[in-house]
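Everything on this sheet refers to the single structure shown next.
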Amino acid sequence: MPSRRSRDGRVLRLGRSRIPPENPCLVRMRTVVEPERPSPVHAAADGAGSERFSGILVDVFRWPATGATVILALVASVATWTVVPSHHLWMVEPLLMSEPWRVITSVFVHLDIVHLSLNLYWTWILGKEVERRIGTQRTLALLFALAVGSSSAEYVLLSGGVGLSGVVYGLFGYLWSRRGADPSIRELLTNTIIAFFVGCFLLCIAVTVAGWYPVANIAHAVGWGLGAMIGKGWTRKAAALSITLLIAALLGRPFLNFGGTRGEEHAQSAISLAETGRSRDALEWTRKAIELDPESAYVWHTHGFVLYELQRFDEGLAAYERAVELAPELARDIDIEGMRAEVEEWHRSR
């Protein structure tokens with residue numbers, strides 16, 4: 001699960017993986033060459049490709065919980081890259097109580113193709129192995145608990161994240177905890193794979209602490225822990241923990257959060273409201289955003305936008321001026337002098 005980044009540079013979260021290896025394909029070659037048919041080598045290659053493609057389609061229906069998760073993440077990510085603003089699916093504080101499904105939809109959103117590819121690969125590889133062992137219904141319940149628990153934990157304490165990496169670490173944690181009881185898991189989770197996941201976990205912490213790249217490490221840790229608890233048979237305790245984290249996300253965040261992005265989240269909610277014609281409601285959120293983070297240029301910029309939507313041009317101009325004062329680089333995009341002239345012309349024409 002990556003970290004989002006706000007428009008004035010605040011942390012907002014990501015995850016990692018690797019490209020899948022090719023599966024070996026055994027092909028029996030013909031000994032008699034027929035003149036008007038493709039060569040045996042080309043025929044074998046074409047057959048192997050079609051078999052792999054049809055095999056993936058069959059597996060999607062064979063493991064529907066895992067397949068549906070992968071497809072939803074693919075559709076949601078592409079949609080937010082093209083037509084749907086991603087903040088409609090993220091967890092943002094003012095809207096979460098009325099739209100609690102954001103706890104789930106946030107895990108399907110990914111920030112770029114690399115982030116999406118890595119998470120989809122590991123979700124598919126680990127998810128179908130879990131589904132093979134416990135069935136579709138239990139896998140759906142497991143995926144739901146991992147998504148709710150990992151995303152809620154990250155959101156309660158920091159700014160919240162997007163992506164499936166918390167779920168991926170939960171699937172890894174489940175299989176890892178079952179490795180001793182199920183010898184077949186050892187063939188999948190080799191020492192190399194375990195070292196890879198542990199190494200990525202530590203590396204993500206290191207790059208976040210160093211300030212090089214923000215990663216949702218809390219989501220990784222909680223997902224891993226929940227998966228291990230369920231794998232050990234502590235299902236009720238894991239369910240209780242997920243529910244507790246969800247309640248904390250809905251009700252306790254103002255008292256538990258130390259991420260410093262609550263003001264910007266209120267501003268994001270205001271944009272969502274203004275885009276649907278609810279500019280008066282949006283104004284309430286931008287005022288609250290200013291109370292929470294009065295030094296954020298993004299908050300003041302959003303406040304100015306909402307005021308202009310309400311045709312309160314004098315107040316809107318003052319908000320834009322404050323945004324440029326806090327972040328002078330915004331002057332490249334906001335023509336304060338031109339806006340002042342427009343406001344004066346508007347007064348003269350009244």
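What follows draws every value from the coordinates through simple rules; no lab data is involved. Just so we're clear, the structure is a prediction, and the values are computed from it rather than from any experiment. Methodologically, a virtual Cβ is constructed for each residue, glycine included, from the backbone with ideal geometry; neighbour enumeration extends over all protein chains shown.
Quick rundown of the values:
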quantity: Fewest-first sequence of F144, F61 by Cβ atoms within 10 Å of each Cβ; calculated: F61, F144
quantity: Protection proxy ranking, peptides 150-158, 310-318, 119-127, average beta carbon neighbours within 10 Å, highest first; calculated: 150-158, 119-127, 310-318
quantity: Using a Förster distance of 30 Å, the FRET efficiency for W346-A79 (Cβ separation, nearest 0.05); calculated: 0.20
quantity: ³J(HN,Hα) computed for each position of the stretch 135-140 - Karplus, 6.51 cos²θ - 1.76 cosθ + 1.60, integer Hz, glycine/proline x; calculated: x, 5, 5, 5, 5, 4
quantity: Least to most buried among Y213, Y174 (fewest other Cβ within 10 Å first); calculated: Y213, Y174
quantity: Under 14 Å, Cβ to Cβ, from R350 - net charge with Lys/Arg +1 and Asp/Glu -1; calculated: -2
quantity: Residues S242, S159, S117 arranged by fewest to most Cβ contacts within 10 Å; calculated: S117, S242, S159
quantity: Net +/- balance of residues flanking V130 in space, Cβ distance below 14 Å, scoring K and R +1, D and E -1; calculated: +3
quantity: Under 12 Å from K128, Cα to Cα: aspartates and glutamates that are on another chain or at least 8 residues apart; calculated: D59
